[in-house]
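Below you'll find the structure, written out as structure tokens, and then a few comments.
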Amino acid sequence: MTTADLPAALQLPRPRAALSGAVARRLAHVALAGVPVRMRYPDGREVGGGGPDAPVLQLVRPRAVFQRLEAHPKIGLGEAYMAGDWTAADGTDLAQLLMPFAARLSTILPRPLMRMRAIVDRALPAAQRNTLTGSRANIEAHYDLSNDLFAAFLDETMTYSSAWFAGDTPWEQQSLAEAQRRKIDLLLDRAGVGAGTRVLEIGTGWGELAVRAASRGARVTTITLSREQRELARRRIAAAGLTDRVDVRLQDYREVDGRYDAVVSVEMIEAVGEDYWPTYFRTLDERLAPGGTVVLQAILMDHQRLLATRNSFGWIQKYIFPGGLIPSLQAIEEVSGRHTSLQVADSAHFGAHYAETLRRWRETFLDAWPKVRDGGFDETFRRMWEFYLAYCEAGFAVGYLDVAQLTLRRA
């Protein structure tokens with residue numbers, strides 16, 4: 001693929017002295033000196049702090065890589081991968097290559113340069129704010145791509161969140177579907193879901209949690225903003241013979257009424273946006289019946305990292321999850337404490353399980369690529385999703401990201 005074949009969004013800006021790439025190239029060499037990887041130029045020359053067995057970043061079009069990094073430091077690396085300007089060398093796994101960088105994000109450059117990042121940070125686009133209309137557009141941009149796309153790499157449960165592997169058996173001997181059902185059952189147990197429980201699920205996914213809750217005898221109201229998800233979830237619920245126990249609605253969490261014994265939500269808070277966290281937690285509080293329990297499964301980051309990045313526009317927000325922001329546990333505790341009667345009573349963390357989940361998704365996605373490509377997706381899309389899955393896997397593998405099931409109850 002040549003640069004002329006790229007989508008307009010990935011075309012390089014017209015060459016200017018300010019975007020020659022020379023500054024980014026020098027900074028990359030400084031940064032790589034302290035990272036156990038090697039960066040290889042097309043002529044075979046290598047830089048970096050890695051030894052002979054270290055992962056290798058293979059430059060294909062070096063000038064384009066450094067121009068992109070200079071133009072958009074937080075977005076350029078991912079865009080360069082999408083464009084084919086660099087790749088993981090033969091024998092190097094992409095996630096393994098990204099892990100040393102993920103482990104050093106706050107220290108990879110000298111401290112004076114890190115303090116200057118506000119100069120190059122770009123504000124979150126106003127169009128991605130999670131208003132009632134903005135949320136629908138943001139959700140549709142990802143989850144309405146195609147049910148067939150997600151079915152190509154998810155397991156039979158169609159669960160698009162971290163699995164939970166059993167601790168008494170090697171993970172490689174456990175199926176992803178078993179681990180996903182375990183995760184859901186643990187969450188439902190924490191929420192006290194059983195016969196007669198009135199359950200509100202915020203974020204339907206493709207219906208597996210609703211099916212398992214209804215199978216316990218609960219009555220479930222589950223909401224989503226994705227038409228594709230609602231359609232398939234309804235079919236799966238009907239196939240399980242549970243239509244009379246599950247109401248699947250195309251509805252925003254701010255539009256729900258009623259009271260429920262259990263309110264559950266799996267990896268949906270990341271799509272709420274910081275401006276709307278108070279509204280989200282007030283809604284949980286208002287929808288919860290006396291004596292009820294809220295259980296959230298949430299991706300988390302360290303609070304200081306949240307403070308440093310919450311107002312900056314990154315590659316994931318541009319290409320994968322528009323309007324998304326990962327909270328910290330401290331932020332959740334502070335917002336719920338200020339705006340509701342709820343408090344975090346318990347948290348169970350399992351970030352390493354997400355790294356394994358993502359590794360399996362990426363492996364399956366790449367194996368299924370011929371089928372996905374036949375659905376109308378191009379090579380740029382393949383590289384985008386490969387980078388997305390590997391980038392996230394690296395974050396969880398080194399602890400930059402975490403995931404937890406949080407139990408909230410009224411104080």
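Computed from the coordinates by the stated procedures, all read-outs in this text should not be read as laboratory data. Just so it is clear, the structure is predicted and the values come from calculations on it, not from any experiment. Virtual Cβ from ideal backbone geometry, glycine too; neighbours counted across all protein chains shown.
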One point scatterer per Cα, no solvent, Debye formula: log10 I(q)/I(0) for segment 256-411 at q = 0.10, 0.15, 0.16 Å⁻¹ comes out as -0.43, -0.86, -0.94
Over the chain, what is the relative contact order in percent, taking alpha-carbon pairs closer than 8 angstrom and at least six residues apart? 17 percent
Pull up all non-local amide H partners of Leu401: gap of 5 or more, or a different chain, and H-to-H distance under 5 Å with H placed in the peptide plane. Phe396
Diffing segment 352-360: the Karplus 3J(HN,Hα) column from phi (6.51, -1.76, 1.60, θ = phi - 60°), in whole Hz with x for Gly and Pro, holds 4, 5, 6, 4, 5, 4, 5, 4, 5
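How do the peptides 274-286, 221-233 rank, highest first, by the average count of neighbouring beta carbon atoms within 10 Å per residue?
221-233, 274-286
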Could you give me the ³J(HN,Hα) list for segment 171-183, computed from phi with Karplus coefficients 6.51, -1.76, 1.60 and θ = phi - 60°, whole Hz, x at Gly and Pro? 4, 5, 8, 9, 6, 5, 4, 4, 5, 5, 5, 4, 4
What order do you get for Leu408, Leu242 when you list them from fewest to most C-beta neighbours inside 10 Å? Leu242, Leu408
Measuring from a point 7 Å past the Cα of Ala345 along Cα-to-C-beta, which residues in segment 280-295 have an amide N at less than 17 Å? 284-295
If R₀ is 25 angstrom, what is the calculated FRET efficiency for the pair Asp90 and Lys371, using the beta carbon separation as r and rounding to 0.05? 0.50
From the phi angles alone, apply the Karplus equation (6.51, -1.76, 1.60; θ = phi - 60°) to segment 362-373 and give each ³J(HN,Hα) in whole Hz, x where the residue is Gly or Pro. 5, 4, 5, 4, 5, 5, 8, 3, x, 5, 5, 4
The helix 62-71 Cα axis meets the longest alpha-carbon principal axis of the chain at an angle in degrees, between 0 and 90 and rounded to 10, of 60 degrees
